[in-house]
Amino acid sequence: MLTIFSTPKPFKGHWGIIQRNALTSWKLLHPGVEVILFGDEEGTAEVCRELGIRHEPEVERTPDGPPSVRCLFDRAQQISSHDLLCYCNCDIILGQDFLRALERASSWSDRFLMVGRRWDTDITAPIDFADRDWERSTRELALQTGFQRLYYNIDYFAFKKGIYADIPPLAIGRNWWDQWAVWKASKEKALVLDASDAVVAVHQNHDYSSHPQGQQGRWYGEGARTNFELAGGWGHLHTIEDATHRMTADSIVPNRLYWLAPTRRAVRRVVKKVQNTVRVRFLHPMLDATRSVRHAIGLREKNLQLRPKKAIRRHEFDR
């Protein structure tokens, strides 16, 4: 069967609600699923006792504060009851589609990493797991009101023991460690499988108050910069675009253009740099210089509609 391991935030307020939702969904996947939580954050020991989860309070922490990827992955592979493991962020609800996808992946290859894009969904209350229809209704909520994020949002990593060794002291919960983990699997000759079309992994939206600088600090702060350096830079960072295979409704097929992913990333970085340069050096000064004239003749942004916007359901960060 399967061992799922993770490390939580303190079980307080909204974070307490969504983490209980996620952990309970993991426990309900199958009686044989083992769940391990690492760390001694507030409320962790009590929740582990309540839900029958294995608790490992001792963790190696990075200078930025979060547990190290090395500690979690090494220890989980040492103590897990099963050869099949999954690291999953503690805000992700998993259902039977995840278990079915994992069974398909396991019968397909003995050496693989299964990842997938998440569905960002507003969930603010405890899920009623006594309702036999909870999984269908949660899935429908995600599909109807949520957003499936792009290739760089990676929240679960399912793999067989032995793929991850010699891990640098990356920080969980900061940018780049997850993309390093996809690169590492490829380096170890594992097949990387994109299960985005087969698994609705429900990410429960939350704030970033756990970091002093909020979302910007988590993504671009000192911990993220350190992760980037420890990972080895752009050459050691992969995303779901680099998956060698994709899981469809009825088969697993090669992702024939996966080798183009590094080129796509390089082009995006150049385009972004050019756009920022044009915006800062030319567009903003021009708008500042002409603001009074434009306003006098009624040329305001709300009055201008140069072209109709495309009706694409996409998260604001992915536009």
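Overview of results
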| read-out | value |
| --- | --- |
| Assigned charges on the beta-carbon of Lys, Arg, Asp, Glu; the stretch 82-217 dipole about Cα centre (debye) | 560 debye |
| Angstrom value of the Kirkwood radius, inverse mean 1/r, which spans all Cα pairs in the stretch 31-77 | 11.4 Å |
| Highest-MSF residue in the chain out of Leu143, Leu23, Leu283 [GNM, Cα springs under 10 Å] | Leu283 |
| Between the stretch 93-120 and the stretch 48-79, the Cα center-to-center distance that results, in Å | 22 Å |
| Simple Cβ-charge dipole of the stretch 2-256, Lys/Arg +1 and Asp/Glu -1, about Cα centre, in debye nearest 20 | 480 debye |
| Count of lysine pairs in the chain with Cα separation under 14 Å (8 or more residues apart, or interchain) | 4 |
| Furthest towards positive pole of dipole, Leu23, Thr7, Gly39, structure part the stretch 1-54, Cβ charges | Leu23 |
| Max mean-square fluctuation residue, GNM over the chain, Cα-Cα springs under 10 Å, options Asn21, Asn255, Asn276 | Asn276 |
| For the chain, with +1 on Lys and Arg beta carbons and -1 on Asp and Glu, the positive-most of Ile92, Gln275, Ile53 along the dipole | Gln275 |
| Normalised contact order of the chain, rounded percent, pairs of Cα under 8 Å and 6 or more residues apart | 18 percent |
| Degrees separating the helix 96-108 axis from the principal Cα axis of the chain, which is the longest one | 70 degrees |
| Listed candidates (1) 32; (2) 23; (3) 51 - label of the one calculated as percent of Cα pairs over 32 Å apart | (1) |
| Tilt relative to the chain, helix 222-231 - C-alpha long axis, 0 to 90 degrees, to 10 | 70 degrees |
| Nearest 10 degrees, 0 to 90: helix 261-278 Cα axis against the chain principal axis | 40 degrees |
| Spherically averaged projected area in nm², based on the convex hull that wraps the Cα atoms of the stretch 140-205 | 5.5 nm² |
| Among Met114, Met286, Met247, residue whose mean-square fluctuation peaks in a GNM of the chain (springs only between Cα atoms under 10 Å) | Met286 |
| Relative packing of peptides 171-178, 30-37 - highest average C-beta neighbours within 10 Å first | 171-178, 30-37 |
| Relative contact order for the stretch 83-176, counting Cα pairs under 8 Å that sit 6 or more residues apart, in percent | 47 percent |
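Just so you know, all these numbers are worked out from the coordinates, no wet-lab data involved. The shown structure was predicted, so the numbers you read here are calculated from the model rather than taken from an experiment. Methodologically, a virtual Cβ is constructed for each residue, glycine included, from the backbone with ideal geometry; neighbour enumeration extends over all protein chains shown.
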